[in-house]
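Written out below as structure tokens is the structure these notes cover.
Here, each number is a calculation from the coordinates, and none is a lab measurement. Please read all numbers here as calculations on a predicted model, not as lab measurements. Neighbour counts are summed over all protein chains in view; Cβ atoms, including those assigned to glycine, are modelled from backbone coordinates with ideal geometry.
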Ligand SMILES: [Zn+2]
């Protein structure tokens, strides 16, 4: 395992090399995340005071979409820290982020509780415990109808929505780091790769060739276009796989024209990424094709990963 990855067994590992590195990147990433989580929950609290409860948004009454959105915003700091510190986030750290988010959520309710408690008379303050506050919040949970009128409190069912809200928030905080996790990474140097070239291999036929055709003929043209570009794409991919290193891969790819027909029925997109510190690079190829329902279809074709592996590793599906 590379020293700049965050894993629970090495939370204090210091990375080798690179003057831009901090001694304890994991802690910096964690503090960046805590910062945005704290700030987001603070803003949500302010919105709550204006009767705008974004945490209470549900999709089809069960998916806590509001809490997930808030979580995703709150979790931006983890991804930002990870990107700036060039730290790859791993499974153990994700668990820490998830559990911390749950605690942060409880803490934000505790702050509200203390705030309310301070406004009470001394005598009633004693019976108003944090547990009593959470019970009241849960059992008084109610949905608003379209006109904004608040419905009946859900009572015991409200606990379910309290749990959903906390879970949705915690899951949401993971979204930014999971998205960043898709970005290629050089484990040898501990750096995120940078995109250096993108080229598109498009089909001969484009949308204009579909006009006035029957449905079956349209499907046939789209399918043959997809086969055509997959074939061309595979040939180029094999050429790149046979090269000794990055300069040759870049040369092969940039030999393709920069401009591509945006109306092509099918196309293979090539993306080349390179490590800023070494010759490590990754090529990803993706197929896109038009469909009759108007939604483009996308599928990953092949990945050439030449980062930390001694021999080029090719995975093709
Ligand atoms: Zn590298």
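Helix 91-118 axis versus longest C-alpha principal axis of the chain: approximately 30°, rounded to the nearest ten. Sorted ascending by nearby beta carbons within 10 Å, beginning with the fewest, 187, 115 become 115, 187.
Averaged over residues, the count of other Cβ atoms within 10 Å places the peptides 41-54, 199-212, 24-37 in the sequence 24-37, 199-212, 41-54, highest first. Normalised by residue number, the volume inside the convex hull of the Cα atoms of the stretch 5-182 is 145 Å³ per residue. Put in order of Cβ neighbour count within 10 Å, fewest first, the listed residues 93, 60 become 60, 93. The convex hull drawn around the Cα atoms of the chain, when projected onto a plane and averaged over every direction, covers 23.3 nm². Diffusion coefficient of the stretch 105-160 by Stokes-Einstein, Kirkwood radius over Cα pairs, 10 °C, 1.306 mPa s: 126 µm²/s. In the chain, the longest principal axis of the Cα atoms and the axis of helix 158-180 are about 30 degrees apart.
Footprinting exposure proxy ranking of 301, 265, fewest other C-beta atoms within 10 angstrom first, gives 301, 265. For the chain, averaging the sequence separation of C-alpha pairs within contact (under 8 Å, six or more residues apart) and dividing by the residue count gives a relative contact order of 15 percent.
What is the helix-to-structure angle for 130-139, meaning the angle in degrees between its Cα long axis and the longest Cα principal axis of the chain, kept from 0 to 90 and rounded to the nearest 10? That works out to roughly 70 degrees. Restricted to Cα atoms, the stretch 191-316 shows a radius of gyration and a Dmax of 16.1, 54 angstrom.
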